[in-house]
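Enquirer: I have a structure I would like to understand better, so I am pasting it below and will then ask my questions one at a time.
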Amino acid sequence: MILLAPMEGLLDHMLRDVLTRVGGIDRCVSEFIRITDMLMPNRVFTRIVPELLNGGRTPAGVPVRAQLLGSDPSCMAENAAKLAALGPEGIDLNFGCPAKCVNRHRGGAVLLDEPELIHQIVGAVRRAVPAHLPVSAKMRLGYLDDARTLDCALAMVAGGAGELVIHARTKADGYKPPAYWDRIAKVREAVAVPVVANGEIWTLEDARRCRAESGCEDLMLGRGMVADPGLALALVGSGAQAPDWAALQPLLHRFWVLVQAEVAPRHQAGRLKQWLHYLRRRHPEAEEAYQRVRTINDPAALSLALFGTEEESVPEFKEAA
C-alpha cells in the first residue's frame, strides 16, 4: 500500500487532486485540523478536507483520511465524532508535526514525551467514533531523542489505533537526511497492527532500502511524490508508464487553475513556483520553467509565461496508460 502524506503549506487538497490522478496512490491523509478548546464547525473540516464533500475521496477516487491534531482527549473525541459524521475514509491522529508553533502549544511531536497522554487521546477518539471507522496515528521516532519510540507506539495501539505511520526521524532531526528506517523495524516487530514507513523516500532505490531496513512493505510518500509525481506508479510496478514532462503539463495547468480559484492572488505565483522547485529534482525541463517564471509574481503574467494563455480552464488529464 502506498499512502500520500500531508505536508502543511505544500501537500494540500490541490496537490492531492492532481497527484492522485497519476496513479499508484492507495490512500491520502489530509493536513492536520488543529483542535484546541472548541467544537469546530463543519466548514473548518470541509475547508481543509474538501474531499468530505465528495464522499471522502479525491476527484480521482482515492480515499482521504482526515487528520486531527490536539492534546485534550475530550475535545479531540468530540471533534472526531463530529468529523466522523461527515464521512471521511478514516481519522488519523497527528503526533509527528515538528513545527515550533505547534509544539509550543502542546501539539504534534512534543506529545511523544507523554505516552500516557497519547494513550488517552487515541482511546478517547476510538471510543467516540463508529467502530467501522478506521483510526490511525502518525508519529516520529521521538521529540528530542528516540528513547520512547516503542512506548509511544505501544500506547497508540493500546488506545485503539489500527495502523501506525512512522516518520523515521525525531523532531530534533527535522527533515535533515538521513531517515533512520531501521529503527522502525523494532516497532513493527512489537505491535500487532500494520506499520507504514515514512521519511526521505525520493526514488525507487530509496523505497527498496526503506523496505529492507524497516521491514515495512507499506510506505508513505511526501516530498518525494511532489518532486516525482510518477514515483508511486513506479513503486507499484503495474507496468503503467510514469508521466514524462509533457504528460505533466495538464497536471501543472490544473493545479494552477485550482490555485487561482482558492488562493489569495498575492500567494498564487509562490504556490506554483514551489511545486516547480521540487519538480527540478526529477525533471530537467522544470529547471527551465522555474527560471522562466522565477521573478514573476503577477498571476496573469505567470500564466502567460508558463502556459501561453491567461485562460482559467482545466484541461482534461488522461491517466498514464
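Each reported figure results from applying straightforward, stated rules to the coordinates on display, with no laboratory input. On a predicted model such as this, the values are computed, not experimentally measured, just so you know. Every residue, glycine as well, gets a Cβ built from its backbone with ideal geometry; the counts of neighbours run over all protein chains shown.
Enquirer: For the range 245-307, what size does the Cα cloud have along each of its three principal axes, sorted from largest down, in whole Å?
Expert: Principal extents (largest minus smallest coordinate, Cα): 29, 22, 18 Å.
Enquirer: May I ask you to order 183-193, 105-115 by the average number of other C-beta atoms within 10 Å around their residues, highest value first? Present the calculation step by step, with values, prior to reporting the outcome.
Expert: Details: 183-193: 16.5, 105-115: 21.1.
With the highest mean Cβ count within 10 Å placed first, the list reads 105-115, 183-193.
Enquirer: Rank Asn79, Thr203, His119 by how far each Cα sits towards the positive end of the charge dipole of the range 2-236 (+1 on Lys, Arg Cβ; -1 on Asp, Glu Cβ) and give me just the farthest.
Expert: After comparing all options, I get Asn79.
Enquirer: Net charge around Asn79, counting only other residues with Cβ within less than 12 Å of its Cβ (Lys, Arg = +1; Asp, Glu = -1)?
Expert: Working: positive: Arg34, Lys82; negative: Asp37, Asp72, Glu78.
Computed value for this residue: -1.
Enquirer: Further question: Test of understanding: what is the full-extension gain from Leu117 to Gln274, defined as 0.36 nm times their sequence separation minus their Cα-Cα distance?
Expert: Details: separation 157, 0.36 × 157 = 56.52 nm, distance 3.66 nm.
Between Leu117 and Gln274, full extension yields an extra 52.9 nm.
Enquirer: Kirkwood Rh, the range 1-95, all Cα pairs: how many Å? Write out the running numbers ahead of the final one.
Expert: Values: mean 1/r = 0.0757 Å⁻¹.
This gives a value of 13.2 Å.
Enquirer: Something else about it: Mind jotting down the distance between the C-alpha centroids of the range 58-113 and the range 174-193, whole Å?
Expert: 21
Enquirer: While we're on this one: Against the 2.2 N^0.38 Å scaling, with N counting residues, where does the range 92-151 land? I'd like the Cα-based Rg ratio to two decimal places.
Expert: Numbers: Rg = 11.9 Å, N = 60, 2.2 N^0.38 = 10.4 Å.
In units of the globular-protein estimate, the range 92-151 measures up at 1.15.
Enquirer: Long-range amide H contacts for Cys28: which residues qualify at under 5 Å (H placed 1.01 Å from N, peptide plane, sequence gap of 5 or more or a different chain)?
Expert: For Cys28, whose amide H was placed from the backbone, the distant partners under 5 Å are Leu4, Val64, Arg65.
Enquirer: Share of Cα-Cα pairs in the range 204-303 beyond 20 Å, in percent?
Expert: 46
Enquirer: Could you tell me what percent of the DSSP beta bridges with both partners in the chain are antiparallel, to the nearest 5? Each step should come with its number before you reach the end.
Expert: Numbers: 2 of 30 bridges.
For the chain, the DSSP antiparallel bridge percentage is about 5.
Enquirer: Hey, another quick one. As a check on your grasp of the helix formula, calculate [θ] at 222 nm for the chain: sum -39500 (n - 2.57) over DSSP H runs of n ≥ 4, divide by the residue count, round to the nearest 500. Show your work: numbers first, answer last.
Expert: Numbers: 14 runs with 139 residues, N = 321.
Value at 222 nm, helices only: -12500 deg cm²/dmol.
Enquirer: Please report the projected area of the range 2-236's Cα convex hull averaged over all directions, in nm².
Expert: Values: hull surface 43.5 nm².
With the hull built on Cα positions only, its mean projection is 10.9 nm².
Enquirer: Here's something else I'd like to know. Take the alpha-carbon positions of the range 1-50, form their convex hull, and give its projected area averaged over all directions (one quarter of the hull surface) in nm².
Expert: 4.0
Enquirer: Which value in nm describes the separation of the simple spin-label points at Lys186 and Trp245, placed 7 Å from the Cα toward the beta carbon?
Expert: 4.5
Enquirer: Roughly how far apart, in whole Å, are the Cα centres of the range 115-163 and the range 201-271?
Expert: 28
Enquirer: Can you give the translational diffusion coefficient of the range 113-195 in µm²/s, computed by Stokes-Einstein from the Kirkwood radius over Cα pairs at 10 °C and 1.306 mPa s? Before the final figure, lay out the partial values.
Expert: On the way: Rh = 13.0 Å.
Answer from the Stokes-Einstein relation: 123 µm²/s.
Enquirer: Give the Kirkwood hydrodynamic radius (Å, one decimal) of the range 163-254, defined as one over the mean of 1/r across all pairs of different Cα atoms.
Expert: After inverting the pairwise mean of 1/r, the radius is 14.2 Å.
Enquirer: Oh, and also: Can you give the extra length, in nm with one decimal, that the chain gains between Thr309 and Leu39 once fully stretched, where that is 0.36 nm per residue apart less the Cα-Cα distance?
Expert: Values: separation 270, 0.36 × 270 = 97.20 nm, distance 4.40 nm.
Difference between extended and current length: 92.8 nm.
Enquirer: Where nothing but the Cβ of Lys and Arg (+1) and of Asp and Glu (-1) is charged, how large is the charge dipole of the chain around its Cα centre, in debye to the nearest 20? Each step should come with its number before you reach the end.
Expert: Details: 37 positive and 39 negative charges, 76 e Å.
Roughly 360 debye, rounded to the nearest 20.
Enquirer: Let me know the charge dipole size of the range 1-148 about its Cα centre in debye, to the nearest 20, where only the beta-carbon of Lys, Arg (+1) and Asp, Glu (-1) is charged.
Expert: Working: 17 positive and 16 negative charges, 55 e Å.
Approximately 260 debye in magnitude.
Enquirer: Right, another one. Where nothing but the Cβ of Lys and Arg (+1) and of Asp and Glu (-1) is charged, how large is the charge dipole of the range 195-283 around its Cα centre, in debye to the nearest 20?
Expert: For the range 195-283, the charge dipole is close to 440 debye.
Enquirer: If you don't mind, another one. Which of the lysines could a cross-linker bridge to Lys176, judged by Cα under 19 Å and excluding same-chain residues fewer than eight apart?
Expert: Lys100, Lys138
Enquirer: Ala99 to Thr46: extension gain in nm, 0.36 nm per residue of separation minus the Cα-Cα distance? Walk me through the numbers on the way to the answer.
Expert: On the way: separation 53, 0.36 × 53 = 19.08 nm, distance 2.31 nm.
Full-extension gain reported as 16.8 nm.
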